[in-house]
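Engineer: Below: one structure in structure tokens.
Since every read-out is calculated from the coordinates, none of them should be taken as a lab result. Just so you know, these numbers come straight off a predicted model, no measurement behind them. So basically every Cβ, Gly included, is an ideal-geometry build from the backbone, and we count neighbours across all protein chains shown.
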Ligand code: ADP
Ligand code: MG
């Protein structure tokens, strides 16, 4: 932690605690500053879309939310709790690995590359964390995993191995697997970017259902149609800063900043 961290602690009024709150979040790798002061808030139940050119820091920001990277300055909260640190008085202490592991259970993450366990069936992939991490008994975990596979439209593929599934099916299993831990927040990092175009729709449909169920979601995506139809908020990031934010319809149809306009003219 650097001395750039502010020492103030503000407690939002009850009932208004954001699911994610970033205040001046900085992240560097060596001398390269990747996040240069990110400020944003994700409200509970919101679908929050993050767009921006390659290299702008979107994945790094998601990884900071999910405890995979430690921020260097600023404050990052998930559900009102500091990420990566514990505050005592006006001092901050780094969380221990065990404490981090406990907090990470509440956050589901789906990556561009569907990283299922290759030696396990779809069903076993979805059951794995509840059994191994939560100690849920196998029959209960199996019942719940079947429900989740049904929810993503893959009940009939429960016994298939990842290599026997299409990319889109694997990604839907990955979503079911993340949901099996009952996360309060789901992070999606370009979940459809590695898919053949004809497989994208099924994955977006699952994400749309999830959004309608009230799940809080932070979605890094190039799917502007999804952002416009499903998103509640949208942030355009470039070079480690938030350039522009607002309702997806407003930002996508009437971008105010030249950098946003230029980016959108290339992807829309
Ligand atoms: P995006 O997801 O928007 O494409 P990333 O967050 O992946 O951007 O990367 C932002 C910048 O941070 C890139 O220049 C990338 O090379 C750099 N970066 C990301 N992770 C690391 C790392 N572990 N070590 C060094 N540089 C990194
Ligand atoms: Mg990325």
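Engineer: As a test, work out the antiparallel percent of DSSP beta bridges whose residues both lie in the range 178-247, rounded to the nearest 5.
Structural biologist: If we restrict to bridges inside the range 178-247, about 50 percent are antiparallel.
Engineer: Moving on. Within the range 14-41, name every residue whose backbone N is under 12 Å away from a label modeled 7 Å from Cα of residue 256 along the Cβ vector.
Structural biologist: none
Engineer: For 160, 67, which order do you get if you count the other beta carbons within 10 Å of each Cβ and list the fewest first? Display every interim value, and only then the final one.
Structural biologist: Values: 160 16, 67 19.
Placing the least packed residue first, the sequence is 160, 67.
Engineer: List 260, 16 from most exposed to least, where exposure is judged by having the fewest other Cβ atoms within 10 Å. Spell out each step's value before the answer.
Structural biologist: Details: 260 20, 16 10.
Ascending number of Cβ neighbours within 10 Å: 16, 260.
Engineer: Looking at the chain, what % of its DSSP beta bridges pair antiparallel, to the nearest 5?
Structural biologist: The answer is about 60 percent antiparallel.
Engineer: Still on this model: So how far, in whole Å, is the C-alpha centre of the range 194-218 from the one of the range 228-242?
Structural biologist: For the range 194-218 versus the range 228-242, the Cα centre distance is 17 Å.
Engineer: For the pair residue 166 and residue 193, how long in nm is the line joining their label points, each one 7 Å along Cα→Cβ?
Structural biologist: Placing both labels 7 Å along Cα→Cβ, they lie 2.2 nm apart.
Engineer: Another question about this same structure. Over the range 94-200, calculate the relative contact order: mean separation of alpha carbon pairs under 8 Å at least 6 apart, over the residue count, as a percent.
Structural biologist: Numbers: 141 pairs, mean separation 46.8, N = 107.
In percent, rounded to a whole number, it is 44.
Engineer: Once the piece of chain linking residue 133 and residue 32 is laid out straight, how much longer is it, given 0.36 nm per residue of separation minus the C-alpha distance between them?
Structural biologist: 32.8 nm
Engineer: Separate question: Given a 10 angstrom Cα cut-off, can you work out which residue in 78, 32, 42 is the most mobile in a GNM of the chain?
Structural biologist: The residue that fluctuates most here is 32.
Engineer: By how many nm would the segment from residue 150 to residue 39 lengthen if fully extended, with 0.36 nm per residue of separation less the alpha-carbon distance?
Structural biologist: So the chain would gain 36.2 nm between residue 150 and residue 39.
Engineer: What length, rounded to one decimal in nm, is gained on full extension from residue 102 through to residue 68, with 0.36 nm per residue of separation minus their alpha-carbon distance?
Structural biologist: Extending this stretch completely gives an extra 10.9 nm.
Engineer: Where both residues lie in the range 123-268, what percent of DSSP beta bridges are antiparallel, nearest 5?
Structural biologist: That works out to approximately 50 percent antiparallel.
Engineer: Which order do 165, 116 fall in if you start with the one that has the fewest other Cβ atoms within 10 Å?
Structural biologist: The most exposed by this proxy come first: 165, 116.
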